[in-house]
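J.: Mind having a look at this structure? Questions to follow.
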Amino acid sequence: MSVSDLTPLSAPGGSTVRAVHDEFHGDLLEVSMGPHHPSTHGVFRMIVTLDGETIVKLKPVFGYLHRNHEKLGENTTYLASMPYTDRLDYLNSMTNNWAYAVAVEKLAGLAVPERAEYVRVILAELTRLLNHSCLAGFLMQDCGCSGTPLMYAFREREKILDLFESLSGSRMMCNYQRFGGCRVDPSADWLAGAQRLTDGYGAFLDEFEALLTGNEILMARTQGVGRLSSALAISAGVTGPALRATGVAHDLRKVDGYGVYPRFDFRVPLGDHGDTYDRYMIRILEMRESLKILSQALAGLPGGPIMDPKAKLRGFRPKAGEAYGRIEGPKGEIGFYLISDGSANPYRYRVRPPSFINLTILEDMCLGRTVADAVIILGSVDIVLGEVDR
Amino acid sequence: MDTVEQLRDRLLARFPGAGITVVANPSPAAQHSLLLTAATARDLALFLRDEPGLQFDQCSNVTGVDWPDKEIVDTTKVTLPDPAGGPPKVVEQKSKRVEPGCLEVVYHLYSIALRHGPVILRLRTANRTDSVTLPSLTPVWRSCEFQEREVFDLFGVVFAGHPDLRRILMWDGYQDHPMRRDYVEPDSYEWEPTPHGEVLAKARQHYPAPAAAPEAPKP
Amino acid sequence: MLGTGLIKGLAVTAKNLVGSYHDPARYTTLEYPEVKPKLPEAYRNFPFLVTENATDPMGTLRCVACQICEKECPPQCIYIEKSKDKKPDAAGKPQIYPAVFAIDTSVCMSCQICVEVCPFDAIKMDQEYEIATTDRFGALLLNREQLAKPNSYYHQIHPTEAVEVDARLAEERRAAEEKAKAAAAAKSAPKSAAPAPKPPAAPSAEAPKPPPAA
Amino acid sequence: MSDAAPAITQAERDDLRRNGILLTSLEELYNWGRSHSVWPLNFGLACCAIEMIAASMARYDIARFGSEVFRPSPRQADLLIVSGTVTKKMAPQVVRLWNQMPEPKYCIAMGACAISGGPFKQGYNVLKGIDRFIPVDIYIPGCPPRPEALLHGLVQLQAKISGQPLTGPDAPRHLRTDIECDCPVPEFGAHDLEPPQNPAVWTPPPAVVRPDKA
């Protein structure tokens, strides 16, 4: 492709709109969407090349929220990285905490008491409810449905955040999991609150679906848009709902069976077309399965300690070695790769960010569609920039 | 699934002379890895992906690790005959040598089809300065595309055969590789009210200890 | 039929609109400046230092300047300088105290790790959040006078936790006193019974053993 | 205006207002209008942006303060809420957005990261506070601040606007001719931003050197 700069409108940081010439397509328009754009979920930027209104090339630009998570993780102790993981995917601090705790527990060979495993499952499924409802709200916002579904989603999110706050002390940055257990034991009151929320959430989902699922405009905007084949999705490392929407039965809760998930009876919803509507539907169905898991976990919560009594808070120095631990986060496989050299700080601290890797195929899904579709496709991939750029 | 030794033997049977080493992992996780040579890495990766019993179709995680040059002091005991004719003396001789460092790229492979894994592949560059080229595995697994760009950006490993090797997180004109262990930040020091550790050391450079405050003039 | 989905959706919004006038579940707005939120007991924002006595906050800080929190603080926002001298603490025991204790709230990430690692229950999390300011350096760097808050305040914001902490501290203090008493008694005991070559505890421990062959 | 005391004091004016007599001046009316229609820019950076969205949703309802109109275009916005970590890669765009906003305009640094870099301030790509490049009116500490804290910050901003005289040296920027409103946009350098700060708005505080620690 021969690109000739004709009229750069603004110099530093890349031009916003410019004309380019392509031997195959002829005259094209290159549009820079972001980093400040209301529909890019933060500071994501795409450089979109348009033939008329059709996308012929789309290059994502990252790094506008690259805040050096991995470097900071290598300069601080294992424990001090735990609150930083809250800020990776800032909607889902509980699952980030859990993934990091799993990696460190693998590295140090720590056992987790049964009660803590149950509490972790409860919190992870609450997080999934929170994330998927918000995602549906943001996706509708991207479709142009300004406000209403997002407001309903946030109304429910506040209820879950109230639970998180009364347990961990913070609405978003929970910093709750520890190596070998959890920080605080949930009280009977808290569990009753979680039970109430679980009982009431189904009614909200019914209402949410009545509002959205059968909506003809939503179907017209999302069905057949951004189709992804399962072979490409697997090769591109896509995980989470986006992979399952293509019909691949891959859920780490079933595949790895980590924690106490094998004890619960739930199904993995699968899509058929791999389009945006499927990705939306998968999330709604997953929330229903999460409710099933929640009620089973709340009913079967055993007593006992919440922390492994042998686990140390301070002076934690795992033996030299390495470990990769992963769990099924709401956005996909979130993993932590740690190399220890026997000191108090990890030698290498790496996050496997699901939303970053899920963006690999953004261009493939958007080619041939319009800019308005690209916005919806990006919304259905479900990214959080804190995790994409780290 | 095979153990990592069995996997190595299987690979060596198919690719004799490929030079595969098992890197043991002493931690309780016991996730051992295979160190490959750059020359055969892509063939081995293709085999791992396509062989019916293996089918590692998902490359989950790609990351770099920086191993800087290490100065190692070897202590050897040498028995020297005493020139005066006495009993021979045992003298400790210390010799310094520099173990050359390298940049390492680690790939975590899983099989979605057969539900096994991980198999961990490692590739090492010859050194950290001029010979930092490794084969890109993006043609084998698409998921390596952005992750290898990230390793290029932050560690400075050049991936031969990558379709679009540009900086990904930092801006284009940036010249450092900040995830390397010897990276030094530009000194844009700001007064910090709560310094300690490295920050305190930096603070002292910027604000050297003040001279004794002059006494207030008496009225 | 085309349009039924739309109509269903509109029915939902209508239900919510009407519901917001009479149903508290659909009208969730908190009239914030007039009505303050009811914060859960666990809520944390920034740390404060516990003092035993409200009238003499600097004299009765629980903090002994051990600097553990400073080392463990993930964003390194705590700065402590040990005192050169010792002052009696609330129990009357001479202790080192923090000559300077500063927390930079413009850096603090409210992670509570300082509270978890503190072996003296000296630093706890405050619940104050109305701290927006126009003064960056003056108002956001808190020194020990601003950080010190009495134990009664701690009881007010974290009631159950504070009762547990008080009970634990009282127990520790009692154990320490008993130990000191025992040590004093042990010290004075050999003096009074100077001719005895061994303290009385040692033979009793050896008692079950058969007597050595004489 | 003469130096003589005003004919009517604030207390008397408030008293009259309670009795239904509204006395006002042009200045008060102008500031009242400015302070109760602050439209924020629809601009989220990181974690704090989610709390900013939460503040605009049903529970906290920022519309009660006249600020529900989140404008996506800087040309229509009055308030830049810097809600999250400003990285060095993002800093030029933030400054450009600020320059594109028409006067009168205000800036809130929401959360630890926007104030000082916060927990991420040791990172190589993190700007140590947005006030290095643009003038900030209100700092809201917290990580992230609760939505109530954001509302409190907004109320503080409204108070600040209401108290501004329209003439003299304390007049708002847009009514003065002697100051430059645009901030220079930093450029990407080989290792860092160039320049790393804007000396016109940013002066580091006088060096308070901590004595060496033992």
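J.: Which of the residues that make up region C:137-153 are touching a Ser or Thr at 6+ places or on another chain (Cβ under 8 Å) and not in a helix (DSSP H, G or I)?
T.: C:141, C:142, C:148, C:149, C:150, listed by residue number.
J.: If the Cβ limit is 6 Å and pairs must be 6+ apart or interchain, which residue in region B:22-39 that is more than 13 Å from residue B:108 (Cα to Cα) and more than 7 Å from every other protein chain (Cβ to nearest Cβ) pairs with which residue that is among the acidic types (Asp, Glu) and surrounded by fewer than 18 Cβ atoms within 10 Å (Cβ to Cβ)?
T.: Qualifying pairs under 6 Å: none.
J.: Return a yes/no flag: does region B:149-158 have any residue that is surrounded by fewer than 22 Cβ atoms within 10 Å (Cβ to Cβ), closer than 19 Å to residue D:188 by Cα and facing chain A (nearest Cβ under 10 Å).
T.: No, every residue in region B:149-158 fails to be surrounded by fewer than 22 Cβ atoms within 10 Å (Cβ to Cβ), closer than 19 Å to residue D:188 by Cα and facing chain A (nearest Cβ under 10 Å).
J.: Under 6 Å between Cβ atoms, which residue pairs at least 6 apart in sequence (or on different chains) link something in region A:296-311 that is at positive phi with a partner that is surrounded by 13 or more Cβ atoms within 10 Å (Cβ to Cβ) and of a type outside the set (Gly, Ala, Ser)?
T.: From residues that are at positive phi, the pairs are A:304/A:113; A:304/A:115.
J.: Those residues that are more than 14 Å from chain A (Cβ to nearest Cβ) and either on the phi > 0 side of the Ramachandran plot or surrounded by fewer than 19 Cβ atoms within 10 Å (Cβ to Cβ) (or both), I need them from region C:96-118; list them, please.
T.: C:96, C:99, C:100
J.: Being assigned to a helix (DSSP H, G or I) and either of a type outside the set (S, T, N, Q) or facing chain B (nearest Cβ under 10 Å) (or both) is the filter here; which residues of region A:374-390 pass it?
T.: Answer for region A:374-390, where residues must be assigned to a helix (DSSP H, G or I) and either of a type outside the set (S, T, N, Q) or facing chain B (nearest Cβ under 10 Å) (or both): A:374, A:375, A:376, A:377, A:378, A:379, A:381, A:385, A:386, A:387, A:388.
J.: Just checking, does region A:264-274 include any residue being surrounded by 19 or more Cβ atoms within 10 Å (Cβ to Cβ), assigned to a helix (DSSP H, G or I) and at negative phi?
T.: Within region A:264-274, not a single residue is surrounded by 19 or more Cβ atoms within 10 Å (Cβ to Cβ), assigned to a helix (DSSP H, G or I) and at negative phi.
J.: Between D:75, D:13, which is within 14 Å of chain A (Cβ to nearest Cβ) and in a helix (DSSP H, G or I)?
T.: D:75
J.: Identify, from the list A:259, A:274, A:303, A:315, the residue that is at pLDDT below 90 and within 30 Å of residue A:220 (Cβ to Cβ).
T.: Sole residue among the options that is at pLDDT below 90 and within 30 Å of residue A:220 (Cβ to Cβ): A:274.
J.: Do we find that residue B:49 is closer than 30 Å to residue B:136 by Cβ, touching a residue at least 60 places away in the same chain (Cβ under 8 Å) and over 24 Å from the mean Cα position of the chain (by Cα) in this structure?
T.: It is true that residue B:49 is closer than 30 Å to residue B:136 by Cβ, touching a residue at least 60 places away in the same chain (Cβ under 8 Å) and over 24 Å from the mean Cα position of the chain (by Cα).
J.: Looking at region C:44-81, which of its residues are farther than 20 Å from residue C:143 by Cβ and in contact with a strand residue (DSSP E or B) (Cβ under 8 Å, 6 or more places away or on another chain)?
T.: C:44
J.: Let me ask something else about it. Count, please, the residues in region A:46-94 that happen to be part of a helix (DSSP H, G or I), out of contact with any Cys (no Cβ under 7 Å at 6 or more places or on another chain) and either closer than 27 Å to residue D:54 by Cβ or within 9 Å of chain D (Cβ to nearest Cβ) (or both).
T.: Residues that pass the stated criteria total 8.
J.: Which residue, of D:164, D:156, D:197, is over 30 Å from residue A:72 (Cβ atoms), outside any helix (DSSP H, G or I) and within 13 Å of another protein chain (Cβ to nearest Cβ)?
T.: Just one listed residue meets the conditions, D:164.
J.: Given the criteria away from chain B (no Cβ under 14 Å), over 19 Å from the mean Cα position of the chain (by Cα), among the acidic types (Asp, Glu) and farther than 19 Å from residue A:252 by Cβ, does residue A:23 qualify?
T.: Here the answer is yes, as residue A:23 does meet what is asked.
J.: Could you say which residue among C:131, C:103, C:96 is assigned to a strand (DSSP E or B) and within 20 Å of residue D:146 (Cβ to Cβ)?
T.: C:103
J.: Let me ask you something else. Which numbered condition trips up residue D:75, out of (1) without any contact (Cβ under 8 Å) to a residue 40 or more places away in the chain; (2) surrounded by 12 or more Cβ atoms within 10 Å (Cβ to Cβ); (3) touching a Pro at 6+ places or on another chain (Cβ under 8 Å)?
T.: With (1) without any contact (Cβ under 8 Å) to a residue 40 or more places away in the chain; (2) surrounded by 12 or more Cβ atoms within 10 Å (Cβ to Cβ); (3) touching a Pro at 6+ places or on another chain (Cβ under 8 Å) applied to residue D:75, the lone miss is (2).
J.: Restricting to region A:334-373, name every residue that is within 11 Å of another protein chain (Cβ to nearest Cβ), in a helix (DSSP H, G or I) and over 16 Å from residue A:49 (Cα atoms).
T.: A:354, A:356, A:357, A:358, A:359, A:360, A:361, listed by residue number.
J.: Check region D:161-172 and report whether any residue there is within 18 Å of the chain's Cα centre (by Cα) and under 17 Å from residue D:134 (Cα atoms).
T.: So far as region D:161-172 goes, yes, one or more of its residues are within 18 Å of the chain's Cα centre (by Cα) and under 17 Å from residue D:134 (Cα atoms).
J.: Test residue A:324 against the criterion of being modelled with pLDDT of 90 or more, buried (at least 24 other Cβ atoms within 10 Å of the Cβ) and hydroxyl-bearing (Ser, Thr, Tyr), and give yes or no.
T.: Taking the combined requirement at face value, the residue satisfies it.
J.: Being more than 24 Å from the chain's Cα centre (by Cα) and either of a type in the set (A, V, I, L, M, F, W, C) or modelled with pLDDT under 90 (or both): is that true of residue A:344 here?
T.: Criteria met by residue A:344.
J.: Check B:24, B:18 and return the single one that is within 30 Å of residue A:110 (Cα to Cα), out of contact with any strand residue (DSSP E or B) (no Cβ under 6 Å at 6 or more places or on another chain) and of a type outside the set (Lys, Arg).
T.: Residue meeting the stated conditions: B:24.
J.: Got a number for residues in region A:157-177 being within 21 Å of the chain's Cα centre (by Cα) and more than 22 Å from residue A:292 (Cα to Cα)?
T.: Of the residues in that region, 10 qualify.
J.: Which of the residues spanning region A:220-269 are of a type in the set (A, V, I, L, M, F, W, C) and over 21 Å from residue A:364 (Cα atoms)?
T.: Listed by number, the residues that qualify are A:249, A:252, A:255, A:260, A:264, A:266, A:268.
J.: Could you run through region A:139-156 and say how many residues are more than 16 Å from residue C:13 (Cα to Cα) and over 17 Å from the mean Cα position of the chain (by Cα)?
T.: 3
J.: Looking at (1) closer than 16 Å to residue B:62 by Cβ; (2) within 16 Å of the chain's Cα centre (by Cα); (3) not aromatic (Phe, Trp, Tyr), which is the one condition that is false for residue B:178?
T.: (1)
J.: Being within 14 Å of another protein chain (Cβ to nearest Cβ) and outside any strand (DSSP E or B) is true for just one of B:11, B:46. Which residue is that?
T.: B:46 is the lone residue from the list that is within 14 Å of another protein chain (Cβ to nearest Cβ) and outside any strand (DSSP E or B).
J.: Kindly establish whether residue A:226 is farther than 15 Å from residue A:283 by Cα, at pLDDT below 90 and buried (at least 20 other Cβ atoms within 10 Å of the Cβ).
T.: Taking the combined requirement at face value, the residue satisfies it.
J.: Please tell me if residue C:137 is more than 25 Å from residue C:64 (Cβ to Cβ) and either of a type outside the set (A, V, I, L, M) or away from chain D (no Cβ under 14 Å) (or both).
T.: yes
J.: Also: In region D:107-117, is there at least one residue being surrounded by fewer than 24 Cβ atoms within 10 Å (Cβ to Cβ), closer than 15 Å to residue C:134 by Cβ and modelled with pLDDT of 90 or more?
T.: Within region D:107-117, one or more residues are surrounded by fewer than 24 Cβ atoms within 10 Å (Cβ to Cβ), closer than 15 Å to residue C:134 by Cβ and modelled with pLDDT of 90 or more.
The values are calculated or read from the model by the stated rules, or taken from the named source; none is laboratory data. Predicted, not measured: the structure shown is a model, and the values here were computed from it. All Cβ positions, glycine included, derive from the backbone under ideal geometry; neighbour counts span all protein chains shown.
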